[in-house]
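Shown next, in C-alpha cells, is the structure this report addresses.
The values are calculated or read from the model by the stated rules, or taken from the named source; none is laboratory data. This one's a predicted model, so the numbers in the text were calculated from it and none came from an experiment. Don't worry about glycine lacking a Cβ; one is built from the backbone with ideal geometry, like all the others, and counts go over all protein chains shown. What goes into the accessible areas is simple: the full protein's heavy atoms, side chains included, and nothing from ligands, DNA or RNA. Shrake-Rupley method; radii C 1.70, N 1.55, O 1.52, S 1.80 Å.
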Amino acid sequence: MDFEKIRKDFSILSKVIDSKQLIYLDNAATTQKPNFVIDSISGFYKNHNANILRGVYPLAEQATEMYENARQKIAKFINASDACEIIFTSGTTEGINFIADSWVQNNLKPGDEILLTEAEHHANFLPWVLLAEKTGVKLKFIKINPKTFKLDFSDDLITEKTKLVALTHSSNVLGNIWQKDQLEKVIKKAHEVGAKVLLDAAQTVPHQKIDIQKLNPDFLVFSGHKMLGSTGIGILYIKKEIQDEVAPYRVGGSMVHSSVSKSPTWVESPAKFEAGTPPIAQAIGLGAAVDYINENINFDGLKKHEANLCSKLIDGLQQIDGVTIFGNIEELKQTGHLVSFFVEDIHVHDIASLLGSKNICVRAGQHCAQPLSTVLNVQATLRVSFYLYNTDKEVEIFLKELQEAIIFLKG
Ligand code: PLP
C-alpha cells in the first residue's frame with residue numbers, strides 16, 4: 001500500500017488553518033473523502049443526472065445503470081450471494097430502524113426476547129428500547145467484562161424465547177470486544193433456536209474484509225460515510241432467503257405491482273425496500289469508494305497500518321501521568337483502529353477543544369454509547385481513530401500537543 005500516494009488523493013488533508021496542518025483523527029465518526037469519490041458524485045450531477053427506474057430516455061437509463069452498478073460493486077465487496085440483498089439506506093441508523101419497524105415489529109410478540117451487548121451504539125440500542133416499550137418484547141444483554149473489555153457470553157442467554165440477536169460487530173469506543181470464535185458461536189446458537197441475527201458493522205466494513213456468506217447474519221448494516229463515501233448513504237443487507245418475510249419499511253413510488261388492488265403487492269427486492277427516489281448520487285459515490293478501496297487497500301496491510309498507529313499511540317499514552325486507556329490494550333495493539341482514554345482530573349472536552357485549536361480533530365464524550373459508560377462507570381473518554389491516510393508523524397504531534405494541553409489544563 002502506497003500511503004504517500006494515498007494522502008495526496010485527499011485534498012482536505014493538506015488543509016492548513018492559522019499555519020497549523022490538519023490532523024484528522026476522528027475516522028470512527030466519519031472519514032475524509034478521496035478526490036476520486038468527490039469527482040464521481042459531482043461527475044454524476046454534471047453529466048448523468050436523472051431519476052432512476054422511471055424514465056425511458058437514455059439519460060435516465062444511464063443513471064439507473066450507474067446506480068445498479070454501485071449495488072453490484074457493494075455486493076461483491078462483502079461477498080453477497082446476490083445484488084438484491086443490498087438495500088440502499090441513509091446509513092446504519094436507518095438500516096436498524098428499518099428492521100425494528102418492519103420484520104421485528106411484525107414478527108415478535110410480548111415476552112419474546114432480543115439479545116444485545118452492553119456495548120451498543122445508540123443506533124443499535126434505542127430502536128429496541130422503544131420497541132420493547134411499545135410491544136412488551138424483553139431486552140437481554142451480553143455483559144462486557146470490565147477487566148478484559150471482552151464480552152462474557154454464556155449459552156443460556158439464547159433460549160427458545162430469543163427471536164432476534166442484534167449485535168455490534170465492533171464497538172465504536174473499545175474496538176473489537178469479541179473473544180476468538182465467540183461471535184460465530186453466538187450466530188450459530190441463535191440460528192439453532194430460529195432467531196434472526198442483525199450485525200451492526202459500521203466499525204468493521206471500512207477496516208476489514210467481510211465475507212457475509214461466511215459470517216452468516218440475516219441482516220447487516222453499515223454507513224458509507226465511514227468508508228470514504230458521502231453522508232446520506234448506507235447499506236442494509238437482507239439475506240435473500242428471508243426477504244419474503246420482511247415487509248417494506250416505507251411505501252411509495254417504484255415498489256408496488258398494483259396499488260389499486262385490495263391489498264397492494266410489492267415488487268421484488270431491492271426495489272421493494274427502496275420506496276421513493278433513493279440517494280442516487282450518494283450510492284454511485286459509495287460504489288466509487290469501493291473502487292478506491294479495492295484499488296488502494298489490501299485489508300491485511302490496512303490492519304497492520306492502523307494497529308501500528310494504535311501501538312505507537314498507546315506506548316506514548318502509557319508514558320503520560322494520569323492517563324487510563326479504556327479497552328483491551330493487547331488487542332488494540334494488534335488489530336485496533338481506535339483508542340479511547342481519559343485523563344485524571346481533566347474533562348475530556350477541555351482537552352479536545354484545546355487540541356481542536358491546534359487543528360487536531362479527536363472526539364470527546366460518550367460516543368453515543370451511554371449504556372457502556374454506565375456499566376463501566378466512566379463519564380467520558382477521548383477517542384483517537386485512524387484510517388488509511390494517518391501517519392506516525394501525526395501520532396507524534398498528537399502526543400506532544402496532548403502533553404502540552406494537560407500541563408496547561410492542570411495549571
Ligand atoms: N453503530 C456504530 C458502531 C457506530 O460507530 C455508528 C456511528 O458512529 C453508528 C452505528 C451510527 O452510524 P450512522 O450515524 O452513520 O447511522
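Here are a few things to note about the model shown:
- Taken together, the residues in segment 47-74 that are part of a helix (DSSP H, G or I) and either surrounded by fewer than 17 Cβ atoms within 10 Å (Cβ to Cβ) or out of contact with any strand residue (DSSP E or B) (no Cβ under 9 Å at 6 or more places or on another chain) (or both) amount to 14.
- Filtered residue count, segment 75-126, keeping only those that are open to solvent by 10 Å² or more (accessible area, probe 1.4 Å), within 16 Å of the ligand (Cβ to nearest atom) and outside any helix (DSSP H, G or I): 5
- Selection of segment 355-391 for residues being farther than 24 Å from residue 118 by Cβ, open to solvent by 40 Å² or more (accessible area, probe 1.4 Å) and either modelled with pLDDT under 95 or in contact with a helix residue (DSSP H, G or I) (Cβ under 6 Å, 6 or more places away or on another chain) (or both) yields only 358.
- Whichever residue in segment 322-348 is open to solvent by 70 Å² or more (accessible area, probe 1.4 Å) and in contact (Cβ under 8 Å) with a residue 24 or more places away in the chain and, among such residues, is farthest from residue 401 (Cα to Cα): 334
- Within segment 258-275, residues that are in contact (Cβ under 8 Å) with a residue 24 or more places away in the chain sit with their Cβ atoms under 6 Å from residues that are part of a loop (DSSP other than H, G, I, E, B) and open to solvent by 80 Å² or more (accessible area, probe 1.4 Å), at 6+ positions apart or across chains, in these pairs: 275/250; 275/251.
- Considering segment 281-314, the residues that are without any contact (Cβ under 8 Å) to a residue 24 or more places away in the chain and exposed (fewer than 13 other Cβ atoms within 10 Å of the Cβ) include one that is farthest from the chain's Cα centre (by Cα), namely 295.
- Condition met for residue 225 (open to solvent by 30 Å² or more (accessible area, probe 1.4 Å), at pLDDT 95 or above and either farther than 25 Å from residue 139 by Cβ or in a helix (DSSP H, G or I) (or both)): yes
- Residue check, residue 24 within 16 Å of the ligand (Cβ to nearest atom) and in contact (Cβ under 8 Å) with a residue 12 or more places away in the chain: yes
- Tally, over segment 29-46, of residues that are open to solvent by 40 Å² or more (accessible area, probe 1.4 Å) and either more than 16 Å from the ligand (Cβ to nearest atom) or more than 27 Å from the chain's Cα centre (by Cα) (or both): 7
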